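Single-structure report; data block below.
The values are calculated or read from the model by the stated rules, or taken from the named source; none is laboratory data. None of these values were measured; they are calculated from a predicted model. Methodologically, a virtual Cβ is constructed for each residue, glycine included, from the backbone with ideal geometry; neighbour enumeration extends over all protein chains shown.
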């Protein structure tokens, strides 16, 4: 049942739900005559026509853009989604089979993330996107500090989620190899599972000073270590199902396609789009103009957060037209978030190399 704050009459609510379901399944406008034939309500075409007139007057239905009949408006979808808990329908895909596929154990975050992203893009028919924190928020697995030649040190940092980042730093003074090994061990024992940012902040505060007392230039050593753990970069951003954009009839104008492609290059897209959205069953949803993003005024986004359990949080979402099957999309995205969270937490519990 829809929210009575939006639709006062229960009969109006029932009619609007049927119209929305018809539109989601067929992407077609519906007339009062057609609705009277398929409706579960025992109402005459005249009565249904009058109810549809009332719903149009209240802003839930429109004739704009259709030759005959009516289609739901943004207001109708917003009301529908706000009460989605009471409108659950079985998704088109077999849920058990989908869960069994997701339970295969991946080797790292990126394997399961790519699998999940591709799957929800394929099964929804829309675009799947995922926003991840900056590199400095990733938990440390291990670090290697290797003197490659006089004045140069290779830094390799591996996160618990499977990333391996490398860079070569200049050292103003030679770093004794035995000191590098001591620092490696200290970092691994002390910071395994903690964000890389914490390591850099602690080094800036003077840790681990006691390990580098035999280094000729202590200041140079600390500068090198700070740079070794400085991985501040823009947030991670992943997109799947770009090809679906060309199959969504609402987005076939060249200007709309261009706007979408530009939006999908923006790593801050979800932050911007969801700022004006609403919370529904643990998700964030932005419908139509709620997205407040140029070119996405006729779109909707359904997003769920997922976390490693220690503050590291990402967001997985589906971006599509307002007429998306919200019940199906909610199930797909919520399952994806739960799957990612399960594997993240399993990876976070892996023992460190010094354990």
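Among the residues of the stretch 303-336, write down those that are in contact with a strand residue (DSSP E or B) (Cβ under 6 Å, 6 or more places away or on another chain) and either more than 27 Å from residue 259 (Cβ to Cβ) or free of Cβ contacts under 8 Å to residues at least 60 places away in the same chain (or both). The answer is 303, 304, 305, 306, 307, 313, 334. Counting only helices (runs of 4 or more DSSP H) that fall entirely inside the stretch 1-115 and contain at least 2 residues that are at pLDDT 85 or above, the qualifying elements are 10-26, 32-38, 45-57, 74-82. Of the candidates 339, 289, the single residue that is out of contact with any strand residue (DSSP E or B) (no Cβ under 6 Å at 6 or more places or on another chain), under 30 Å from residue 107 (Cβ atoms), assigned to a helix (DSSP H, G or I) and in the same structural domain as residue 109 (by TED's automatic domain parsing) is 339.
Residues in the stretch 119-134 include at least one that is in contact with a helix residue (DSSP H, G or I) (Cβ under 7 Å, 6 or more places away or on another chain), assigned to a strand (DSSP E or B) and over 21 Å from residue 342 (Cβ atoms).
Going residue by residue through the stretch 243-258, is there one that turns out to be surrounded by 14 or more Cβ atoms within 10 Å (Cβ to Cβ) and closer than 30 Å to residue 157 by Cβ? No, there is no match, as no residue in the stretch 243-258 is surrounded by 14 or more Cβ atoms within 10 Å (Cβ to Cβ) and closer than 30 Å to residue 157 by Cβ. Here residue 315 meets each of (1) modelled with pLDDT of 95 or more; (2) on the phi > 0 side of the Ramachandran plot with one exception, condition (2).
Return the residue satisfying two criteria in turn: it lies in the stretch 145-161 and is in contact with a helix residue (DSSP H, G or I) (Cβ under 7 Å, 6 or more places away or on another chain) and surrounded by 17 or more Cβ atoms within 10 Å (Cβ to Cβ), and of such residues it is nearest to residue 271 (Cα to Cα).
161
Just one of the listed residues (272, 267) is under 15 Å from the mean Cα position of the chain (by Cα), assigned by TED's automatic domain parsing to the domain that holds residue 333 and assigned to a loop (DSSP other than H, G, I, E, B), namely 267.
Filter the stretch 210-249 for residues that are free of Cβ contacts under 8 Å to residues at least 12 places away in the same chain and not assigned by TED's automatic domain parsing to the domain that holds residue 267; which is farthest from the chain's Cα centre (by Cα)? Across the stretch 210-249, the extreme among qualifying residues is 213.
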